[in-house]
Amino acid sequence: MISHRKGQTAAGPIMVLILLIALFIILYLLLIPPEDRNRLLNRTTSNQNSDKDNNVNPDISSSVKTLLLESPGIVSATEEDKITRHLNPVSIFVRYEPSLVTLTNSLSVEKGAFSEQDQNIFFDISDVESLRKATLTFAVEESKGRLEINLNENSVFNEEVDETSLQIVNLPKTFLRGKNELVFSVNGPGGAFWSKNEYDLNDVKLKQEYEVLNAKEARTFVIPKNELDNIDKSRLEYSIYCNSVDSKDTSFRIYMNEQLLLSEIITCGSGQRSAEISSSRFVEGENEVLFVIDDGDYLINDIKLTNELKKSETRTYFFNINSKDFFDVQDRLKDVFLDMSFDKEGSKIAEIWVNDFTIFMDTDESSFSEDISELIEEGENFIRILPDNEFLIRSLRITLD
């Protein structure tokens, strides 16, 4: 009796230990990663799943095939065959315009032993710098003695003049100022103290000839960096017309950004002309073309600057599709996708040519995707990007999925 009770007492703790070990094993299997649990249980879930997929359709693969991967970088609408700019006409001239001013209708001067009468006349010159020449004219009605004329205290005339004569007196430009004074006088009779010398003058006028000058005029235009980097040839075209039949043959010069581009003699019959320009004459941003003449009156019209750009295939890419893949695409077992990623959000407008088909892209997103399965052909295919604005394409990918 005593021995039997001891056996029952020893079996109890062993069962508890076994239960605890089983519990720990279950907890361990629940807590370890599934891969390790499957390995311990001698199961390969991934292989079973793959076998199931193969049983459904063994011809379909889950892998993605890359047909094309490129990084086009910056694309821009300026990347055309040529860029033409039309500049506004230029009117350049050196003209001489006369001005006639009546200083006084009449004046009298006299000088004797006991009397003297001079005449002072004041006048203004509006623009001494532009004044080409100035002359004084008057008619002599009565004369005796030697007529003297001073301009700003400088003698400009000292002669005996016959009656009923017309006199023209040059007024040196070096003596002229903005405000001027003319002094008319006559010399004395000398020892004949009982007599006097005198002059009566009529229609005293000042004739001025001003140089109206617009001998040079500039036009500006802007060349962005992507255009500047791709200029192959550049040509400036223009037409020359006379604004006046009196225009003389004159020296004509063109400067590009302050560097002499062309120098020649032009006439009224010059007509259509052109000048080749090296791309080194241009700068990024604002450029200036300056037209200059020495004489005459000319209109420079139909001014056109044409930049021919280097031929570039950087936006045209080619990819191939073999017969098997092509038929899979035709049977809708596979699809062909075009994916592009950009550097940032913002307007991106372009035409995308896939063989003979056109896709229009207008997006503000940082990526663009399109199913082009119906646009592809067996063998060689091409894709070309024709942007309407400037943006950066980080990657261009065509995949078969």
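The values are calculated or read from the model by the stated rules, or taken from the named source; none is laboratory data. Treat the numbers as computed from the prediction; the structure is a model and nothing was measured. Positions of Cβ are backbone-derived with ideal geometry, glycine not excepted, and every protein chain shown enters the neighbour counts.
Considering segment 354-401, the residues that are without any contact (Cβ under 8 Å) to a residue 60 or more places away in the chain, within 16 Å of Val336 (Cβ to Cβ) and among the hydrophobic types (A, V, I, L, M, F, W, C) include one that is surrounded by the most Cβ atoms within 10 Å (Cβ to Cβ), namely Ile376. When Glu116, Glu110 are checked against the criterion of being farther than 28 Å from Gly296 by Cα, assigned by TED's automatic domain parsing to the domain that holds Gln167 and buried (at least 17 other Cβ atoms within 10 Å of the Cβ), Glu110 stands alone in meeting it. Restricted to segment 311-342, and to residues there that are of a type in the set (D, E, K, R) and at pLDDT below 90, the residue that is nearest to Val75 (Cα to Cα) is Arg315. Restricting attention to segment 63-120 and to residues that are at pLDDT 90 or above and part of a loop (DSSP other than H, G, I, E, B), the residue that is farthest from Leu392 (Cα to Cα) turns out to be Asp118.
For segment 375-390, a tally of residues being among the polar types (S, T, N, Q) and over 25 Å from the mean Cα position of the chain (by Cα) returns 1. The residues of segment 124-140 that are outside any loop (DSSP other than H, G, I, E, B), among the β-branched types (Val, Ile, Thr) and within 15 Å of Val101 (Cα to Cα), listed by number, are Thr135, Thr137. With a requirement of 2 or more residues that are out of contact with any helix residue (DSSP H, G or I) (no Cβ under 9 Å at 6 or more places or on another chain) and among the polar types (S, T, N, Q), the strands (runs of 3 or more DSSP E) lying completely within segment 272-358 that satisfy it span 296-309, 316-321.
Restricting the first member to segment 102-131 and to residues that are touching a residue at least 60 places away in the same chain (Cβ under 8 Å) and farther than 20 Å from Ile168 by Cα, and the second to residues that are of a type in the set (A, V, I, L, M, F, W, C) and surrounded by fewer than 12 Cβ atoms within 10 Å (Cβ to Cβ), the beta-carbon pairs closer than 6 Å and six or more apart or on different chains are Ala113/Phe193. Taken over segment 316-366, the criterion of being on the phi > 0 side of the Ramachandran plot and among the polar types (S, T, N, Q) is satisfied by Asn355 alone.
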